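The values are calculated or read from the model by the stated rules, or taken from the named source; none is laboratory data. Keep in mind the model is a prediction, meaning the values are calculated, not measured. All Cβ positions, glycine included, derive from the backbone under ideal geometry; neighbour counts span all protein chains shown. Areas reflect the complete protein model, heavy atoms only, side chains present, ligands, DNA and RNA absent. Shrake-Rupley method; radii C 1.70, N 1.55, O 1.52, S 1.80 Å.
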Amino acid sequence: METGEMISASAMLVVFLFAMIGGRKVWLLTDAGAVVLFALGWIVAPRIFLEQMTTGPLDEFHIFFARWYGAVLIASAVAHFMTRNSGDVTVSNVLLYSRVVGITMTLLAVAYCQKNYRDLEKGGWTQEQIFYGVFGNAVWLLGNLYHSARTDQFGCFGQRNDRVSFVLRLDGFLLLVTGVLGFAFPDMLLYFMDLTSADGIHLHMMRCFNAVIFMLGLVSSWAPVFLKDEDKRSVLLGRMVMDSLLVAVGLLHIQTLNSPTFLYTHLSNFLYACFLTWGYLTPADKKTA
């Protein structure tokens, strides 16, 4: 490990340790801030990130999926920030648990990647991925696991059959199914997106993307038992941000990735964002789905 990496690792460890002992609210806020900063790096400078960890050469699909990954990471931080002062312990329990599951899936993807795509002549990953992919995620996992394990109140309230809860339940189901499918069979999803010759970079980025999708699916599935509608709406807001960012990334690459399948994907993301907005705008006194 080079000196710069050691300094970065030490600084990250110190920040996360202070955040971890600072209490659950401090941890959730630090989690959101760190995730957004990391995600912005993937969106703004995806080529720099990938060049440090892969054998290349990089194509437009690599850059596109890297930005998609950054988009879903930002979306995953929205609920953490918006619900940081929630008095409902169920909210923070669900957010922490979803992080534990999602980060574990990401670490499994990195381990699989290092076993099968390490140092390939092209389209593979280098040893540098261990530092970026394992160390940061491991520290992140331990913090969430620590606060999740210390829970002595579990909350949970009855679900109402209102519009916002209906949208969250359906959203949770769709995200969980998509996350499992994309994590287990990334090559199949990439084939549907007209990428017939996927390499190790494509496959790993798709697995990381779907680990976060599964994480978000857990949150949406549990959100209907939140006590306050404002916390439920915070989850939907994060999902709306995600689909909006996915559409924006698609428009950024529309000149080079303009196959019919990609256009349908962007259109479906836009329409789904409208559906989420319909749930988000549920009148406060509306109790029926």
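The figures follow:
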| quantity | calculated |
| --- | --- |
| Set Phe61, Phe18: member being of a type in the set (Phe, Trp, Tyr) and either open to solvent by less than 10 Å² (accessible area, probe 1.4 Å) or without any contact (Cβ under 8 Å) to a residue 12 or more places away in the chain (or both) | Phe18 |
| Check on Arg207, part of a helix (DSSP H, G or I), of a type outside the set (Phe, Trp, Tyr) and under 26 Å from Thr106 (Cα atoms) | yes |
| The stretch 87-104 residues that are basic (Lys, Arg) and in a helix (DSSP H, G or I), paired with ones that are open to solvent by less than 10 Å² (accessible area, probe 1.4 Å) and modelled with pLDDT of 95 or more (beta carbon under 7 Å, 6 or more apart) | Arg99/Met215 |
| Val212 of a type in the set (Val, Ile, Thr), in contact with an Asp or Glu (Cβ under 9 Å, 6 or more places away or on another chain), under 19 Å from Gly102 (Cα atoms) and part of a helix (DSSP H, G or I) | no |
| Residue match in the stretch 12-29 (condition: in a loop (DSSP other than H, G, I, E, B) and either of a type outside the set (A, V, I, L, M, F, W, C) or modelled with pLDDT under 90 (or both)) | yes |
| Some residue of the stretch 147-157 being polar (S, T, N, Q), in a loop (DSSP other than H, G, I, E, B) and open to solvent by less than 30 Å² (accessible area, probe 1.4 Å) | yes |
| Odd one out for Ile213 among (1) open to solvent by 30 Å² or more (accessible area, probe 1.4 Å); (2) closer than 17 Å to Ala66 by Cα; (3) β-branched (Val, Ile, Thr) | (1) |
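Each row is one residue, and each column tells you yes or no for (1) over 20 Å from the mean Cα position of the chain (by Cα); (2) among the hydrophobic types (A, V, I, L, M, F, W, C); (3) open to solvent by 50 Å² or more (accessible area, probe 1.4 Å).
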{"position": "Val72", "(1), (2), (3)": "no, yes, no"}
{"position": "Ser76", "(1), (2), (3)": "no, no, no"}
{"position": "Phe81", "(1), (2), (3)": "no, yes, yes"}
{"position": "Leu95", "(1), (2), (3)": "no, yes, no"}
{"position": "Ser98", "(1), (2), (3)": "no, no, no"}
{"position": "Gln114", "(1), (2), (3)": "yes, no, no"}
{"position": "Gly123", "(1), (2), (3)": "yes, no, no"}
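Okay, residues lined up against (1) within 14 Å of Ala71 (Cα to Cα); (2) out of contact with any Leu (no Cβ under 9 Å at 6 or more places or on another chain):
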position: His202; (1), (2): no, no
position: Val219; (1), (2): no, no
position: Trp222; (1), (2): no, no
position: Val225; (1), (2): no, yes
position: Leu237; (1), (2): yes, no
position: Ser244; (1), (2): yes, yes
